[in-house]
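Derivation of every value follows stated rules applied to the coordinates shown; laboratory data play no part. As the structure is a prediction and not an experimental result, all values here were calculated from the model. Don't worry about glycine lacking a Cβ; one is built from the backbone with ideal geometry, like all the others, and counts go over all protein chains shown.
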Amino acid sequence: MIYHSLLLIYRNFKRFKNIFFINLLGLSSGLACVMLIYLWVSDEWGFDKFHRHGSQLYQVMANHHLSDEISTWTYTPDLLAETMADELPEVIYATPTLNPEEWFGKFTLTAEDQSLRSTGQFVGEDFFNVFSFDLIQGDTKTVLKDKNSIVISESLAQKLFNSTEGVVGKPLTWELQWDIRQRLPAKNSIEKARSSTLLGPAESARWFAQIETPRVPH
């Protein structure tokens, strides 16, 4: 049976070479497209799979009614997360995430004789209850309760102190203290997570927002 099929294919190839190559090209292109789509879908589905409560995580967005359309934004009121956790029994934990780079640009951090610029986010006290990011040093239950504390990444600790050991509690400019978290998994959807190197309490963001920033005349 197999021999007969192979013989038939060979004879058709000899008689209709042009059609055979066109069909082969179409089949190859179709298989390549299927593989590319599969790889893309697999990569997308791979995001946030490391979170222990991933099936229970939801992002809250806001619909803004404009003159002729409805625009959906990721920006929500400052106290929305706290209010939802207090008033909605279905919500176990909620945390805001704010990107201060949009207001102040990069942070300038100085520790001992090292000074550098870095990016980061302000997050709520329950950030580590919502997302499964582990700390190399420090306590996830308390690190974000003090507005003068921050969490820095492993790579940032290396740049500032050339080590990740014995640096908890050492002062930075702004008189901040921090814990050290492990490098974030690549497949996560926290905004700019791959470039963010520090996390600060959301309470600090409210304090920063009270600072008047100079405006450049147009």
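Annotations for the structure displayed:
- Mean Cβ neighbour count within 10 Å, used as a protection proxy, ranking 11-22, 72-83 highest first: 72-83, 11-22
- Here the extension length gained between ASN12 and GLN59 equals 11.2 nm, from 0.36 nm per residue of separation less the Cα-Cα distance.
- Burial ranking of peptide ranges 116-125, 85-94 (average Cβ count within 10 Å, highest at the top): 116-125, 85-94
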